[in-house]
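Where a number appears in this text, it was derived from the coordinates with a stated rule and is not lab data. Keep in mind that what you see is a predicted model, and the values were worked out from it rather than measured. Please note: Cβ atoms are built from the backbone with ideal geometry, for glycine as well, and neighbour counts cover all protein chains shown.
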Amino acid sequence: MNSNNAIGLQQAYEQLQLRVTRFSATEQKLIAAQDRLDHELTLYKRLSEFNSKALQSTSLEHLGQLAVETMVDILEVEASLIVFMHPETGIQKLFSEGIPLQFQKPSKKNTALFRFFKEFPPHSITLLEDSQLRKVEKLKAYDRGVITVIEDTLAGIHIGCMGLISKQKSPLFSAFNPTLETLFQIFSQQFLALTIRLQQHLKIQHQLDEINNSKMELTKLSLIAKKINNNVIIANHHGEIEWVNDSFVKTTGYQRKEIIGKKPKDFLKRAPQSEAEHKRLVDALRDKKSVAVELINYTKNGKPYHNQIEIIPVFDPLGNHTNFISIQKDITKEVQARNEILRINKRFETIAEKAQIGIWEWEAESQKTQWNTILELQLGIPRNLAPVDFYPFWKNCVHSEDRNSTVERLHNFMRSNESHLEYEYRIQLKNAKEIRYVKTLLIAERTPEGKIIKLIGSNLDITEKHEAEMQLDALKKYYESLFNHSPSQKIVLDKNLNVAFINESLLKVQPDWETFIGKNISELTQLRLKRHPLKNMRRMAQKVSDAVDLKKLIHYTDVITTPNQKTCYRLIDVFPYFIGDQLQYVIINGVDISELKKTQKTIVSKNQELQKLNNELDNFVYRVSHDLRAPLLSIKGLVNLIFATENLEPNLKEYIQLIDVSVARLDDTIQEILEFSRNARLDVTYEHFNLKEMIHGIFEDLKYVSDVQMEMTFQDNGNAWITSDRYRMATLLKNIIGNAVKYRNRSLPNPFVRCKLTETSQKIIIEVEDNGEGIAPEHLPKIFRMFFRGSNSAVGTGLGLFICKEITQKLDGVLDVYSELGKGSRFFISLNKK
Ligand code: ADP
């Protein structure tokens, strides 16, 4: 190899070496460029990633956070900050990455930060130096930064983005270069676009939500219209039905296909009494006005129902009438209930009126009072009194002495939680002297918390009742004083048999009884009293119970032995007083009959003595009369003998005749006395006998007494058999018929005596009638007396009718007479049947 070659080679080598070096420098450059490009690519990739992630973002918060994170990555800064401002809504937001937390919330201090951003012109990138950053307190720690402000005036959005590097970490970060600036510009523009997009998206979303909501609302409404219990009709502007809900079909019985296209009035028939309401409906619809009416319609089956109808005309946004919507409700039940309430109210009013009850009703909300006519009369309410003036008017009616207490009571009641209150007070009307008593019943209607909603009051005039009560009270006092002053001892038990009253006569003798007041009669049997044995108490309780059970007065005698061994008797009446079946009270009346008992004993022994004497007298009379008759009959015999003597001197004959008459009269008297004595002494003996036969026998005996033929008759009802004392009956009739003959009218040609027997289920009545001389009215009351004689036309003893009276009494009957002087007499014997 030559040197030239070597040199050449050397040169070539050096050149090559140089070229290699150059190449390697270029390669180095290329590699560096490659790296830079790679790095930029990475940054763009990050930007692209941010883009795609941000597109999915649904909230400003998320987007903001994503943006600050991306800024740190692509700007390769230590910290990043984004402020978002929307002046229209006043929204300001701050997002940050790598910055202490306290910055994140907008505060007063942040306002300086927001203001700081406003200093920079929009859409340009500014590199920040330490001197600028120092102006803001929060940014003091930073050495350098980069800032851009972007805005969209149409959307009204302002955004500020800032990348920051602190003094501390400054050496670790490289300086900003133009590539980064471009990237930052792209990023910030992208972020603005994304924010606007998100804002619009959110707005659309909101609108969609609203649409959705109103759709739901519509669905709900149509569901309500469908399912609601009310009947709904939608008609076109002619009133022709377009749609009805199920409830309408159910209520009316008409199927949809039958009625679509028809007007309701074409098929829903009305009751005649609904005409006036219907006219109101027609008028309103003609004027396209809303209307509410109540009609009586008929279902398809002809069943009437009360239809509450509300019709609303519907207009489109241009004001054209498009539809009628009618909401109807079957209110038959409500109407019935309302009518029932009205009926009850009416009845209640009638009752109030009939019972003279004044009624008022006060409403808390309106402070107004209503009242009925009865109250108007009771209080003299003037016709024109305003409903709010009732209370002061009423207050004035209350008697001045009762006013304060009555008003206070009313107020206390209102404050309480009571449901009703009853009280009495006096009223004295203006210019009226009279005081009247009123009883009031107040009823309150309250909220659950007890606040008054309504007060209803009834006023009953109880003046008469009050006066009656006062009278009753006076009467009670009067009777109490009567009871107290009564010598007999009295206990009054109430209806529950509790001792209600003991009079002073009893308390004077037994003061311990005072402790019994209020106690039940059954308790008294457990209590021991001085001088009052327990057995007597028990007996009293038993007698009270018997009297109440039997509902009648019971008497019994109580015997007490006093400490000095004296026996005292007390007659006790137990009188239960009932009204209907309700026991009211029991009066126990005790009378000391010890003296009476003593007297009774004396009377009984005296009576026995008298009886004995009487019997002896009777015997004596009988014996004397009997004994006197024997010599009398001898005299009579002797007189008859003298009469039989021939040639009797006329004078002597006359004397003898006088003796005969006297003897006969004496005999009559003795016989009558014997008759009387027999009636008194002998027992009554009853037997069955024929009265007709007896009377005819008497007629026979008397036939010859009269100088003229007398008509003597007996009449019965087909049966003349009676049961009585035969002997006494004969004496009785003999006397009465005998008198009829004796006292016949001698100037009459046809004297009569007529006997008649009548019988009832209880009595035998024998009537003896004559047409004799009759009895003077002044004699009538005396003819039954012993020895009374009222006539001289015949001889007599004056004993006959006296004996007759005695006999009828003994036969358990009465003897009566009707007579007229000069006309005749009628005697009645009326006997109780045996
Ligand atoms: P007496 O016939 O013995 O006088 P009575 O006791 O039988 O006594 O009658 C009393 C009186 O009643 C008679 O005196 C007579 O005045 C009057 N009297 C009784 N019965 C009749 C009679 N049927 N008609 C008229 N007067 C009579």
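Evaluating 6.51 cos²θ - 1.76 cosθ + 1.60 at θ = phi - 60° for every residue in the range 446-453, the Karplus couplings come out as 10, 6, x, 7, x, 6, 5, 9 Hz, glycine and proline recorded as x.
Per residue, the chain reaches -15500 deg cm²/dmol at 222 nm when only DSSP H runs of four or more residues are counted, each adding -39500 (n - 2.57). Given R0 = 41 Å, the distance between the Cβ atoms of SER59 and ALA141 translates into a calculated FRET efficiency of 0.85. Computed from label points 7 Å out along Cα-Cβ, the spacing between ASP152 and ASP389 is 7.4 nm. The distance separating the Cα centre of the range 667-741 from that of the range 778-821 comes to 15 Å. Have a look at VAL499, ASN396, ASN345 and report the one farthest towards the positive end of the charge dipole of the chain, computed about the Cα centre with Cβ charges (Lys/Arg +1, Asp/Glu -1). Value computed over the given set: VAL499.
Take each peptide in 428-441, 137-150, count the other Cβ atoms within 10 Å of every residue, and average; sorted highest first, the result is 137-150, 428-441. Structural descriptor for the range 676-732: relative contact order 56 percent, calculated from alpha carbon pairs under 8 angstrom and at least 6 residues apart. Placing a label point 7 Å from the Cα of THR760 along the Cα-to-Cβ direction, the residues of the range 816-834 whose backbone N falls under 16 Å from that point are 816, 828-834.
Assign one of three labels to the range 488-594, namely rounded, prolate or oblate, based on the Cα gyration tensor with a ≥ b ≥ c the square roots of its eigenvalues; rounded applies when a/c is under 1.5, prolate when it is not and a/b is larger than b/c, and oblate otherwise. In terms of gyration-tensor shape, prolate. Using the Cβ-Cβ distance between THR111 and LEU318 with R0 set to 56 Å, the FRET efficiency from 1/(1 + (r/R0)^6) comes to roughly 0.65.
In the chain, a dipole from Cβ-located charges (positive for Lys and Arg, negative for Asp and Glu) runs towards its positive end, and of TRP721, SER124, PHE699 it is SER124 whose Cα lies farthest in that direction.
Overall, the range 488-594 carries a charge dipole of about 340 debye about its Cα centre when +1 sits on the Cβ of Lys and Arg and -1 on the Cβ of Asp and Glu, all other atoms neutral. Taking 0.36 nm per residue of sequence separation and removing the Cα-Cα distance, the SER400/GLN11 pair yields an extension gain of 125.3 nm. In this simple spin-label approximation, ASN212 and PHE787 carry label points 7 Å from Cα along the Cα→Cβ vector, and these lie 14.3 nm apart. Phi-derived couplings, Karplus 6.51 cos²θ - 1.76 cosθ + 1.60 at θ = phi - 60°, listed residue by residue for the range 803-812: 5, 4, 4, 4, 5, 4, 5, 5, 8, 6 Hz, with x used for Gly and Pro. For the residue pairs LYS354/LYS552; LYS215/LYS333; LYS215/LYS329; LYS612/LYS734; LYS597/LYS782, the C-alpha atoms sit more than 29 angstrom apart in LYS354/LYS552; LYS215/LYS333; LYS612/LYS734; LYS597/LYS782.
Multiplying the residue separation of GLU40 and ALA292 by 0.36 nm and removing their Cα-Cα distance gives an extension gain of 82.9 nm. Kindly state, to the nearest 0.05, the FRET efficiency for LEU550 paired with HIS411, given R0 = 35 Å and r defined as their beta-carbon distance. E between LEU550 and HIS411, to the nearest 0.05, is 0.05. Residues whose amide H comes within less than 5 Å of that of ILE157, counting only those at least five positions distant or on another chain, are ASP152 (H built at 1.01 Å from N in the peptide plane).
Annotation: peptides 185-192, 385-392, ranked by per-residue average of other Cβ atoms within 10 Å with the highest first, follow the order 185-192, 385-392. Modelled spin-label separation between ILE91 and LYS823, with each label point placed 7 Å from Cα along the Cα-to-Cβ direction: 13.7 nm.
The translational diffusion coefficient of the chain, from Stokes-Einstein at 20 °C and 1.002 mPa s with a Kirkwood hydrodynamic radius over alpha carbon pairs, comes to 46 µm²/s.
The length gained on full extension between ASP283 and HIS123, counted as 0.36 nm times the residue separation minus their Cα-Cα distance, comes to 50.6 nm. About its Cα centre, the range 337-467 has a charge dipole of approximately 200 debye under the convention of +1 per Lys or Arg Cβ and -1 per Asp or Glu Cβ, with nothing else charged.
When only alpha carbons are used to place a centre, the range 237-277 and the range 344-362 end up 42 Å from one another. 3J(HN,Hα) couplings calculated from phi for the range 509-522 with the Karplus curve 6.51 cos²θ - 1.76 cosθ + 1.60 (θ = phi - 60°) are, in sequence order, 7, 10, x, 4, 4, 3, 5, 7, 4, x, 8, 7, 4, 5 Hz; Gly and Pro show x.
Classify the range 583-738 from the C-alpha gyration tensor, please: rounded if a/c falls under 1.5, else prolate or oblate depending on whether a/b exceeds b/c. Here the range 583-738 falls in the oblate category. Placing unit charges on the Cβ atoms only, positive for Lys and Arg and negative for Asp and Glu, gives the chain a dipole magnitude near 660 debye about its Cα centre.
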